[in-house]
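For reference, the structure is listed below as structure tokens.
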Amino acid sequence: VCGSDASLAEKPSINPVSKVDSADGRIPARVMANVIWDHEVDCCVERCKQASDPRLGRIAAVMIAIARECAVRNQDLSRLVLANVSFLADSRGAYCSIEVVRHAARGRLKTELSQRRLTVRDSRSLKTIREWVDFRRLETQNSKAYLFGESNNDKSRYRSAATQAFLNRVVKLATGYRRSRMYDLRHTVVS
């Protein structure tokens, strides 16, 4: 069941606080792992369908579909262009290959290693991404248009700050933890 605004609480840390060996023994070590469970991710996707701005909701659902399987930053997602996304198949089945900022002309990468390919294989995620890409290709024939762009302007991203705020809000509501944010999906995938 999806959490509500009233149920936002402090999630306890996974590991208890312990002391680090030091001269005075006062430096606490805390391991925090804010994991977003699969049912909470599903809840986020459901909340995206109820967004007051349908385009923003669809964009958020696609970002969640990608972040569900790939350790990716929101700014990397927001810079994607249509040419960065391709649908392929191999011996394991269908998948979506996403090239993260091949050419840095649309924004700088954090590091050289940030240039990489993401692979999405989950059938639910593939459907969500495919529907959005098809929709964007109907809006524009320009393969250099932003994946999450304006409907009438290929060079402008659609409400990127509002999308990030919305994503953080749905994650908080789905997990019931006020410190949760979209970035925690990155930590979840890595762990």
Label point distance in nm, residue 139-residue 89, each placed 7 Å from Cα along Cα→Cβ: 2.9 nm
Segment residue 190-residue 99, length gained on full extension (0.36 nm per residue, minus Cα span): 30.9 nm
Cα-based radius of gyration of the range 107-187 once divided by 2.2 N^0.38 Å, which approximates compact folds: 1.30
Residue 115 versus residue 73: modelled label distance in nm, points set 7 Å from Cα along the beta carbon direction: 1.6 nm
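Since every read-out is calculated from the coordinates, none of them should be taken as a lab result. None of the values given here were measured: they were computed from a predicted structure. Every residue, glycine among them, receives a Cβ derived from its backbone with ideal geometry; neighbour counts consider all protein chains shown.
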